[in-house]
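The values are calculated or read from the model by the stated rules, or taken from the named source; none is laboratory data. Keep in mind that what you see is a predicted model, and the values were worked out from it rather than measured. Here the Cβ positions follow ideal geometry from the backbone for every residue, glycine too, while neighbour counts run over all protein chains shown. The area values use the complete protein model at the heavy-atom level, side chains included, leaving out ligands, DNA and RNA. Shrake-Rupley method; radii C 1.70, N 1.55, O 1.52, S 1.80 Å.
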Amino acid sequence: MTDQFAKKSEAWSARFSEPVADLVKRYTASVDFDKRLARFDIEGSLAHADMLHAVGLLSATDLQSIQGGMQQIQTEVDQGRFNWSLDLEDVHLNIEKRLTDLVGDAGKRLHTARSRNDQVATDIRLWLRATLDEIGELLRSLQHALVDLAERHADTIMPGFTHLQVAQPVTFGHHLMAYVEMFSRDATRMQDCRRRANRLPLGAAALAGTSYPIDRERVARTLGFDGVCENSLDAVSDRDFAIEFCAAAAILMTHVSRLSEELVIWMSPRVGFIDLADRFCTGSSIMPQKKNPDVPELARGKTGRVNGHLVSLLTLMKGQPLAYNKDNQEDKEPLFDTADTVINTLRIFADLVGGITVKADRMRQAAAEGFSTATDLADYLVRKGLAFRDAHEAVAHAVRVASDAQVDLAHLSLAQLQAICPAIGEDAYAALTLEGSVQSRNHLGGTAPQQVRAAVLRARQRLAHVQG
Ligand code: ARG
């Protein structure tokens, strides 16, 4: 081990006379977690080598050797045969060393006009770009699942809540489409983050650029970047894109968490609006009757750690002078864990939503019980000529009478209603029905079944046009 390390230590410093203590080595190494960047590190190196050859800094033979060596390394990594060494600190030095073992001097020439500082910044951007695309796809599947369920329940009536008190009847489809709006905004936030992340740091070298006649645009094109980072100091030290991603992920998880909270409430036997498929739930080891909504609970819990990662990255950056500092190595674990959490959560949720059983009778009953059409009766009285405040007062009175009698508003007799407000006629009962209430909110953004179907259509059209 000491031997191997001594070899590596020679590579970057003849200045140090003794090997770093083992603890420090473990403390500073990142290979355990950054090895997952291997594919992107290789991709970046190949693009860099191609450019070095194009500008005359690398022979055709050397380029071929590097390409062949990298291909073998990729295979070793894919097959789990690559021998990652802590002594070689990080993914970059591990791969470069292996390349040199495989192809000799050509491998030693690869690092011309490059530093690990611009190399790592490039790798993470490539990784994040692929991650954002994957999240985009998963958000699409989740939205599809919600839209399908919403369409099936465009007419299903449930109580809408404010302050978790029954407020007005809404359709379940409308409620679900609210989440489609949220996840659609999340998808655009991810796309927006991708646009800013998709720029090439390579060429910045350590911090100041390089004296070699490099062609950065060529590398950018090869790697599919939209352009190059235009300031070398910024290129190696910027991690905005990582913070942006964590912020977008935290908002996304907040939406998942709110949905989870509702699923948990809806599934409580006290409420009983829905049931989740057994495969998303577990039983209790002591209470045989239990079926617990573990998946939504965990998603709600995992939102906390994603929020934490955002704070980690913001804190990581706030005190750093330009340009690169080793602090930046700490960006990876929060980033990777954010991506893993979001991806796993979305994967499960698309399936979970598809497996929701809706208990429409219970929803309807709850809407009928909570005086949810009181506002409709007030609106009816306004149509009969009362000022809204007077109508509000009259209906509040009626609610009290009904509540004392433990019946719904629609069960009060016409005589009882007229005693409260003489303007009330037989036709008031139509305004008090749940169907009448939701159907009357028939405008863009309203809860009427017709509007839910229109929203479903718009969402499907939008989803068909979003690129991955
Ligand atoms: N492992 C390092 C990181 O993640 C790579 C860059 C190291 N550069 C350096 N000069 N030490 O940031």
The number of residues in segment 423-468 that are at pLDDT below 95, surrounded by 14 or more Cβ atoms within 10 Å (Cβ to Cβ) and under 28 Å from the mean Cα position of the chain (by Cα) is 1
Next on the checklist: Would you confirm, using the coordinates I've provided, whether Glu230 is part of a helix (DSSP H, G or I) and open to solvent by 10 Å² or more (accessible area, probe 1.4 Å)?
Outcome noted: no
Of those in segment 60-69 that are of a type in the set (A, V, I, L, M) and touching a helix residue (DSSP H, G or I) at 6+ places or on another chain (Cβ under 6 Å), the residue most open to solvent (accessible area, probe 1.4 Å) is Leu63
Considering segment 265-314, residues that are open to solvent by 50 Å² or more (accessible area, probe 1.4 Å) and of a type in the set (Val, Ile, Thr), and then whichever is farthest from Arg239 (Cα to Cα), we arrive at Ile286
(Q) Condition (residue is away from the ligand (no atom under 14 Å from the Cβ) and part of a helix (DSSP H, G or I)) applied to segment 28-36: is it met by at least one residue? (A) no
Note on segment 116-141: residues within 16 Å of the ligand (Cβ to nearest atom) and either of a type in the set (A, V, I, L, M) or more than 18 Å from the chain's Cα centre (by Cα) (or both) are Arg116, Asn117, Asp118, Gln119, Val120, Ala121, Thr122, Asp123, Ile124, Leu126, Leu128
Is it fair to say Pro159 is surrounded by fewer than 18 Cβ atoms within 10 Å (Cβ to Cβ) and not in a helix (DSSP H, G or I)? no
Pairs returned, first residue in segment 13-35 that is under 21 Å from Gln119 (Cβ atoms), second residue that is at pLDDT below 90 and in a helix (DSSP H, G or I), beta-carbon separation under 9 angstrom, 6 or more apart or interchain, are Lys25/Phe5
Ala49 passes all but one of the listed conditions (1) within 16 Å of the ligand (Cβ to nearest atom); (2) under 13 Å from Arg218 (Cβ atoms); (3) not polar (S, T, N, Q); the exception is number (1)
Phe245 vs (1) hydrophobic (A, V, I, L, M, F, W, C); (2) under 26 Å from Arg109 (Cα atoms); (3) buried (at least 21 other Cβ atoms within 10 Å of the Cβ): all pass except (2)
Flagged in segment 80-110 as closer than 24 Å to Leu223 by Cα, outside any helix (DSSP H, G or I) and within 32 Å of the chain's Cα centre (by Cα), in numbering order, are Asp90
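Evaluate the following for Glu76: is it at positive phi and either of a type in the set (Asp, Glu) or within 33 Å of the chain's Cα centre (by Cα) (or both)?
Judged against the criteria, Glu76 is not a match.
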Scanning for something more than 27 Å from Ala21 (Cα to Cα), open to solvent by 10 Å² or more (accessible area, probe 1.4 Å), more than 14 Å from the ligand (Cβ to nearest atom) and touching a Leu at 6+ places or on another chain (Cβ under 8 Å), does segment 70-80 turn up at least one residue? yes
The one condition Ala113 fails out of (1) open to solvent by less than 50 Å² (accessible area, probe 1.4 Å); (2) outside any helix (DSSP H, G or I); (3) away from the ligand (no atom under 16 Å from the Cβ) is (3)
Residues in segment 408-422 that are outside any helix (DSSP H, G or I), open to solvent by 40 Å² or more (accessible area, probe 1.4 Å) and within 20 Å of Ala387 (Cα to Cα) total 1
